[in-house]
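Asker: Sending over a structure as structure tokens; questions will come in a sec.
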Amino acid sequence: MISVSELPAVNATLNATSAVFLGLGYWWIRRKRVTAHRACMMVAMVVSVLFLISYLAYHARTGSKHFAGQGLARPVYFAILFSHTVLAMVVALYMAPVTLYRALRERFDQHRMIARWTLPIWFYVSVTGVIIYFMLYHWYAPA
Amino acid sequence: MEVPVLGSVPEFSLTEANGTILRRADLLGKVWIASFLFTRCGEACPMMMRHEVRLQADLPLRDDLRLVSFSVDPDWDVPRVLMDYAHTFGADRSRWLFLTGDKKQIHHLVIDGFRLATQDADPAKEMPILHSTKLVLVDRHGAIRGYYDSSDETELRKLVRDARQVLAERS
């Protein structure tokens, strides 16, 4: 079984995987391959939900981690963390569910209208999630 | 060779299989191909659907090109029923719309607008609901540009050519 200390790396991997499938899903729909698009987006959604569960479980146990970086790294880190957190909530609680719902109900005009915003914002959330992981646990880890 | 203008599609306000309202104005700016069916239809409609699904594959994938099927048995063909029917035949739901709604409105649309025959079933004479299996090409201004027999390969190829030509029209 995965130990608690390995969870941040697992979470970052799930985040990165979700970003890859989001990108693939976008690539497919640009080529009008609806079935492939749908498959990739569903995988991205499932992986993101797994990540969310794992992330919340981890932080319920260990609380938030102190950022050990100094100087310029601090405002940069907190700016990334803040924007990531706010946008992650907007995507998870509203944009992704609505985008999915509209596709399932076959309201494709409406689906497209919101999806063009959901994709880049979700992508940003995934990528910054991975960056935060590296900053917190590797690049500026306490000596 | 010019694709002629044969008439105009009148106003309509109908319900799509996904439950949303679709009006004539919502299709302005798009080129679309109308067809007429009902889900309880025994032979003619399934055959037409198969032809139309192949047509779907031959048409260019564009946001300004749509297939629009009208139910001539709207009392039975509620949105949920049409959606299942669409899935059964493999219609691309991002490009192919299925409409139902008020029967009088649909009859007026078919007979006076598209100038095609439709007639209710007559239980006394055991006649099924009559309707045309022709496909109708409509341009970006709601003008009717051509009629094509859905079971005729030559006419279907002409439909694809005419659709491309009408798509390319500027005005």
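Asker: Set the Förster radius R0 to 30 Å, insert the Cβ-Cβ distance between A:Ala39 and B:Ser151 as r into 1/(1 + (r/R0)^6), and round the FRET efficiency to 0.05.
Answerer: 0.30
Asker: Which is farthest toward the positive dipole end of the protein assembly as shown among B:Gly29, B:Phe89, B:Phe70, measuring Cα position about the Cα centre, with Cβ charges +1 (Lys, Arg) and -1 (Asp, Glu)?
Answerer: Going by the Cα projections, it comes out as B:Gly29.
Asker: Another question about this same structure. Explain nothing, just the number: relative contact order of chain A, from Cα pairs under 8 Å at least 6 residues apart, as a whole percent.
Answerer: Here the relative contact order equals 33 percent.
Asker: Which residues' amide hydrogens lie under 5 Å from the amide hydrogen of B:Gly146, considering only partners 5 or more residues apart or on another chain, with H built in the peptide plane?
Answerer: B:Leu137
Asker: Right, something else. Please list the helices of chain A that count as membrane-span-like by this rule: a mean Kyte-Doolittle hydropathy of at least 0.0 together with Cα atoms stretching 30 Å or more along the helix axis, each helix being a complete DSSP H run.
Answerer: Going by DSSP H runs, the hits are A:7-30, A:34-62, A:108-134.
Asker: Please report the relative contact order for segment B:24-171, taking Cα pairs under 8 Å with a sequence separation of at least 6, and give it as a percent rounded to a whole number.
Answerer: Result for segment B:24-171 is 30 percent.
Asker: Counting only DSSP beta bridges with both residues in the protein assembly as shown, tell me the antiparallel percent, nearest 5.
Answerer: Within the protein assembly as shown, antiparallel bridges account for around 60 percent of the total.
Asker: Can you list, largest first and rounded to whole Å, the semi-axes you get for segment B:27-171 by taking the square root of 5 times each eigenvalue of its Cα gyration tensor?
Answerer: Equivalent ellipsoid of segment B:27-171: 25, 16, 15 Å, largest first.
Asker: Based on alpha-carbon centroids, what's the gap between segment B:10-60 and segment B:130-171 in Å, whole number please?
Answerer: Result: 13 Å between the Cα centres.
Asker: Right, another one. Please report the antiparallel percentage of DSSP beta bridges with both residues in segment B:1-126, rounded to the nearest 5.
Answerer: Here the antiparallel bridges make up roughly 30 percent for segment B:1-126.
Asker: Here is a further query. If you check each cysteine of the protein assembly as shown for another cysteine whose beta-carbon is under 4.7 Å away, which ones come up empty?
Answerer: Within the protein assembly as shown, the cysteines lacking a partner Cβ under 4.7 Å are A:Cys40.
Asker: Now for a different question. If you take every residue apart from B:Val166 with its C-beta less than 14 Å away from the C-beta of B:Val166, what net charge results, scoring Lys and Arg +1 and Asp and Glu -1?
Answerer: Overall, the nearby charge balance is +4.
Asker: Given the pairs B:Lys103/B:Lys158; A:Lys32/B:Lys134; B:Lys134/B:Lys158, which span a C-alpha to C-alpha distance of over 22 angstrom in this model?
Answerer: In this structure, B:Lys103/B:Lys158; A:Lys32/B:Lys134 exceed 22 Å between Cα atoms.
Asker: Looking at segment A:11-65, I'd like the Rg to Rh ratio, where Rg is from alpha-carbon atoms and Rh is Kirkwood's inverse mean 1/r.
Answerer: Using only Cα positions, Rg/Rh for segment A:11-65 is 1.16.
Asker: Counting only residues 5 or more places away or on other chains, whose amide H sits under 5 Å from the amide H of B:Arg66 once H atoms are built in the peptide plane?
Answerer: The answer is B:Val31, B:Trp32, B:Ile33.
Rule-based calculations on the coordinates, nothing more; no lab input. Note that the structure is predicted; figures quoted are calculated from it, not measured. Ideal geometry is used to build each Cβ from the backbone, glycine not excepted, and the neighbour counts take in all protein chains shown.
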